Each structure stands twice: as C-alpha cells, then as structure tokens.
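Here the structure is laid out as structure tokens; the discussion comes afterwards.
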Amino acid sequence: MPLQPTSGAVAITGFEKSCERRPRLSGITLGIPMRIASLFLSMAAVLMVPVHARAAVSGVPEACRLALAARWPSWRLSPPPRDYAAYAKQERIETNVALADFDDDGTRDAAVLLLTSATRQAQRRLAICLTRGNQAELHVVREPYCADGIGVVPKGTKAYDYERGDIVTYRANAVHALCFEKAGATYVLEKGRVRRIIDSD
C-alpha cells in the first residue's frame, strides 16, 4: 500500500464542564442524582440530532456535510469491518473521513466514505468535497474499488499502477480506498475529474 493512514482524535468537553456545576434548589446542593439526570439528558440530546449533523463530530466540514445532506438526506458514515475497526481503534485512525488539499489549490478539502441512507438498501459511496468558499463542490465515486476505509496519499507519492503496468506520481494529495490487508485503489483529481488508480494488490 502507498500510504500510512493518518490519525486523529476529537475531544468532547461539554459534558465534563456541565458536571463541574452543582446546581442548588431551595438551599440544597444537588449532587450525584442531578449528575445522573444530566448524563441521560445529554445522551438523549445526541440521539435526537440528525445523523448528518452528528457526522460533524468526526471532522466532516459543515459545507461538505450540507452538500451531502442535500443529495442524501439520511446519509451516514460507512462503518469499517470488525478487523479494521479493531486496528483503527488501536492506532487511533479515522476510517471514513480524510482531510487534505485534493485539488492542489491551497485549501483543505474533505473525502467521506458513506452510506446513502440508514436502511438496508443503503449504497456505499466515496464523496470528495472540494472547498469553494463557504460551499463544497461534490465529486462522487459510485462504486469504490475498496470500501473498508479511506486515507490520504500525500502529493509526490510514487506508486505502481497495476492496471496500466506503470509507475505513477501523484501530483496532488489523493484519496486511498482500502480493503484491509488485501488491496486498494487511489482516487486522484485530474482536470476536474476523478481518476482511479489500482495501486495495491
């Protein structure tokens, strides 16, 4: 494979801060019972948020999130298989969101591995959101070559193209879609179109 997946972590501190406050009622300090109630209220609030809004916690930029929701109102992040999920947890790897400048214009873009709905008929898609001011230009790969997870292939990386039997150099950051410990393909933007290169077999 031509890359090492990048890692990332998100810290959520809102509930921790809420637990530091000890509200008073009629001069009586409400301790553990109030904290337990606060925990259940926090959990309920999260469950009531639409799935595409909760995706922001995983690093999907707002413009990209809105563009995805406009096309697939009930989209959700595509979960990795168990073996890759275990590896990703150990290595602290983000499996379904990749952030980099994919069109080499100096602005950070996003790639998202997603399911088009929450139903059994959901289809897997790889979406690349190019930053255009406060909006996103969407490029969609309908059937990714691999779909266990995605990562970033850095600009300048050299790889072997198994379909064409040649060495390629990525002129911009690209998105690698992998089948864990099996194969993979890299998707690179060239002249406004997404080109697939099978570079792991």
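Values quoted throughout were computed directly from the atomic coordinates according to the rules given, and no laboratory measurement underlies them. All of these numbers come straight from a predicted model, not from anything done at the bench. Cβ placement follows ideal geometry from the backbone for every residue including glycine, while neighbour counts extend to all protein chains displayed.
General observations
- Residue exposure sequence - VAL168, VAL175, VAL152, VAL60 - by fewest surrounding Cβ within 10 Å: VAL168, VAL152, VAL60, VAL175
- SER74-GLU137 pseudo-label distance in nm [points 7 Å out on the Cα-to-Cβ vector]: 3.2 nm
- Here the gap between LYS182 and TYR162, fully extended at 0.36 nm per residue and compared with their Cα-Cα distance, gives a gain of 5.8 nm.
- For the stretch 53-201: rounded, prolate or oblate by the Cα gyration tensor [a/c cutoff 1.5]: oblate
- Charge dipole magnitude, Cβ of K and R +1, D and E -1 - the stretch 61-200, Cα centre, debye nearest 20: 420 debye
- Computed lengthening from ARG171 to ALA85, 0.36 nm per intervening residue step minus Cα-Cα distance: 27.9 nm
- On full extension, the segment bounded by LYS191 and LEU66 gains 42.5 nm, given 0.36 nm per residue less the C-alpha separation.
- Reported to the nearest whole Å, the Cα centre-to-centre distance from the stretch 155-184 to the stretch 84-127 is 17.
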